[in-house]
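**Student:** Following this message is one structure expressed as structure tokens.
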Amino acid sequence: MDLQLIWYALIGVLIAGYAVLDGFDLGVGALYPFLPRDEAERRVLRRSIGPVWDGNEVWLLTAAGALFAAFPPVYATVFSGFYLALILVLMGLIFRAVSLEFRSHDPAWAKVWDAAFAGGSALPALLLGVAAGNLVRGLPLSDDGEFAGTFLTLLNPFGLLVGVFGLVMFVAHGAAWVTLKSEGALRARAARVRSATHWLFVALLAAVTVATWIVAPDRIRSNLAEPLGWVALAIVLGGIVVARVAMLRGGDRGAFLGSALGIAGLVGLWAVGSFPYLVPGLDGGPGLNAYKESSSALSLTVMLVVALIGVPVVVAYTVLVYRVFRGRIATEDSAEHVGQAGY
């Protein structure tokens, strides 16, 4: 049994789950200052993610825990190299959580909480994209696997391009979610934003692809050389087509599912293109290999048993929550509940 490969794939699945699920949360928050026109519509946006945002973040925590348990040196390098960026992401997520909890109970500070919600959503979306871009480009590592750069090293042109791409991707995903969950004028505006940001996502995807070929061509070659790379590419392109066709036909659920497929496929392209490296080295320098940086076989086996029990529980809980809170949120219903308990 190739335990390292299994854990590499499992971490990829967890990251994809986080990107798909918390991605629309971040997108809704980034749209919050621009999309709604009054308090009732702002409440629709908050209520659309209120029951699910904290459960969505579990996928990120689980991925970090899996990385720590299965590949400790990789965890140490990533969390030390991305220290300031991750602190900023964490602070953004904290501000977002606090704003959601306090907003309806502290109307005197409503504008402050609204700004915290928007900033705490947009900043993590941007920085997570920057981190992803640097993992595609490769990190400057010393011979013993330590990060040999600074926070400014991460803010290179390619990392910033992928950061903007990630932000736009999550905004498009968030617009698809708002369109799925809202009604009336708010839904109509969200549908227009969804269409515009979808085209922008496609344009930036093309730009990122060209830039990747320039700065890290081995990632693209690896995808083209592996059948799974072609599968991931088909998922990305299929998601784009499904989303666009669904938009043209007025299918809000299909548009959201197409957006989710596109995001999951992109994570798949990253995983296949980088394998077996969890952290590729910059310009062919030393990297962190899944087979060389893993825990012992016994540890991986025991943790795999735990994962086979725990991950289905997380999936079942996620499915249950989305099933219970399915359906659209009426603006009039939100207006009736302004100032009351809840989101």
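**Student:** Hey, got the dipole for the stretch 149-306? About the Cα centre, +1 on K and R Cβ, -1 on D and E Cβ, debye to the nearest 20?
**Tutor:** Taking the Cα centre of the stretch 149-306 as origin, the dipole is about 640 debye.
**Student:** Work out how much length L61 to A185 would gain on full extension: take 0.36 nm times their residue separation and subtract the Cα-Cα distance, in nm to one decimal.
**Tutor:** Between L61 and A185, full extension yields an extra 41.0 nm.
**Student:** How long is the gain from L224 to L298 if the chain were fully straight, where each residue apart is worth 0.36 nm and the alpha carbon distance is subtracted?
**Tutor:** 23.2 nm
**Student:** Sticking with this structure for a sec: Set the Förster radius R0 to 41 Å, insert the Cβ-Cβ distance between F151 and R323 as r into 1/(1 + (r/R0)^6), and round the FRET efficiency to 0.05.
**Tutor:** Between F151 and R323 the formula returns 0.50.
**Student:** Assuming a ≥ b ≥ c are the square roots of the Cα gyration tensor eigenvalues, decide whether the stretch 272-321 counts as rounded (a/c under 1.5), prolate (otherwise, with a/b larger than b/c) or oblate.
**Tutor:** oblate
**Student:** Shifting gears a bit: Across the stretch 281-291, in residue order, what do the Karplus-derived ³J(HN,Hα) couplings come to in whole Hz, using 6.51 cos²θ - 1.76 cosθ + 1.60 with θ = phi - 60° and x for Gly and Pro?
**Tutor:** x, 7, 6, x, x, x, x, 10, 8, 4, 7
**Student:** Moving on. Let's test the formula: R0 of 35 Å, r as the Cβ-Cβ distance of D283 and H105. What FRET efficiency results, to the nearest 0.05?
**Tutor:** With a Förster radius of 35 Å, E is 0.10.
**Student:** Continuing with the same structure: Angle check, please: helix 3-31 long axis (alpha carbons) against the longest principal axis of the chain (alpha carbons), in degrees 0 to 90, nearest 10.
**Tutor:** The angle comes out at about 30 degrees.
**Student:** Which far-off residues, 5 or more places away or on another chain, put their amide H under 5 Å from the one on L141, with H placed in the peptide plane?
**Tutor:** A148, L282
**Student:** Then there is this: Neighbour counts of other C-beta atoms within 10 Å: give me W199, W109, W53 arranged from fewest to most.
**Tutor:** W199, W109, W53
**Student:** Let me ask something additional. Which angle between 0 and 90 degrees, to the nearest 10, do you get for helix 110-137 versus the longest principal axis of the chain when only C-alpha atoms count?
**Tutor:** Helix 110-137 sits at roughly 20 degrees to that axis.
**Student:** Then there is this: Would you please give the FRET efficiency between A196 and L5, computed as 1/(1 + (r/R0)^6) with r the Cβ-Cβ distance and R0 = 56 Å, to the nearest 0.05?
**Tutor:** Step by step, r from the Cβ atoms, then E = 0.90.
**Student:** Right, something else. Per q in 0.09, 0.15 1/Å, what log10 I(q)/I(0) does a Debye calculation on the alpha-carbon atoms of the chain return?
**Tutor:** -0.48, -1.30
**Student:** Here is a follow-up. Along the positive direction of the dipole of the chain (beta-carbon charges: Lys, Arg +1; Asp, Glu -1; about the Cα centre), which of G265, V313, G239 reaches farthest?
**Tutor:** G239
**Student:** Give me the number: length gained by fully extending V231 to V306, i.e. 0.36 nm times residue separation minus the C-alpha to C-alpha distance, one decimal in nm.
**Tutor:** Gain in length upon complete extension: 24.1 nm.
**Student:** Applying the Karplus parametrisation 6.51 cos²θ - 1.76 cosθ + 1.60 with θ = phi - 60° to the phi angles of the stretch 215-232, what ³J(HN,Hα) value in whole Hz is obtained for each residue in order, glycine and proline being reported as x?
**Tutor:** Per-residue couplings from phi come out as 9, 8, x, 4, 5, 5, 4, 4, 5, 6, 8, 10, x, 5, x, 5, 5, 4 Hz.
**Student:** Let me ask you something else. Taking the Cα centre of the chain as the origin, how large is its charge dipole in debye, to the nearest 20, when only Lys and Arg (+1) and Asp and Glu (-1) carry charge on their Cβ atoms?
**Tutor:** The dipole magnitude comes to about 1060 debye.
**Student:** For the chain, with the dipole built from +1 on Lys and Arg beta-carbon atoms and -1 on Asp and Glu ones, taken about the Cα centre, which of G29, F95, T62 lies farthest toward the positive end?
**Tutor:** G29
**Student:** Return the long-range amide H neighbours of Y277 (sequence gap of 5 or more, or a different chain), with a cut-off of under 5 Å between placed amide H atoms.
**Tutor:** A290
**Student:** Compute the long axis of helix 252-274 from its Cα atoms, compare it with the longest principal axis of the Cα atoms of the chain, and write down the angle in degrees, 0 to 90, nearest 10.
**Tutor:** Result, in degrees: 20.
Taken together, the values in this text are just the output of simple stated rules run on the coordinates, not laboratory data. Everything numeric here is computed off the predicted structure, so don't read it as measured data. Cβ sites come from the backbone with ideal geometry, for glycine too, and all protein chains shown count toward neighbours.
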